[in-house]
Amino acid sequence: PPYSPDLNAIENILSILKDRLIKRKKKDLGVGTSKESINAFKRVILEEWNNIPQDAIYNCILSMPRRYRAVIEAKEWYNKY
């Protein structure tokens, strides 16, 4: 499928970011819609983004040929990715 998140490296990197954010304490993430809460959330997102190891990003990119093959072999059906 042309719009498959399995075939988009940034989707996989964003999944890593999401997992890192889930592990954060809720008080660090900001609560509500106040300007302070939104700014706290932005700071945490940027901090976690900057802390994603470069190797994790490389691995997502380097896995793309395997992902393409898996999708082709599965005839665009479900696969392990």
Do any residues in region 62-76 that are at negative phi and of a type outside the set (Asp, Glu) have Cβ atoms under 7 Å from those of residues that are at pLDDT 85 or above and surrounded by 11 or more Cβ atoms within 10 Å (Cβ to Cβ), where the two are at least six apart or on different chains, and which pairs are they?
64/9
Taking region 1-27 as the search range and keeping residues that are out of contact with any Lys or Arg (no Cβ under 7 Å at 6 or more places or on another chain), in a helix (DSSP H, G or I) and open to solvent by less than 50 Å² (accessible area, probe 1.4 Å), which one is nearest to residue 66 (Cα to Cα)?
9
With the checklist (1) surrounded by 12 or more Cβ atoms within 10 Å (Cβ to Cβ); (2) outside any helix (DSSP H, G or I) in hand, flag the one item residue 43 doesn't pass.
(2)
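The values are calculated or read from the model by the stated rules, or taken from the named source; none is laboratory data. Worth saying up front: this structure is predicted, and the values here are computed from it rather than measured. FYI the Cβ positions are ideal-geometry reconstructions off the backbone, even for glycines, and counts take in every protein chain you see. These area figures cover heavy atoms from the full protein model, side chains too; ligands, DNA and RNA do not enter into them. Shrake-Rupley method; radii C 1.70, N 1.55, O 1.52, S 1.80 Å.
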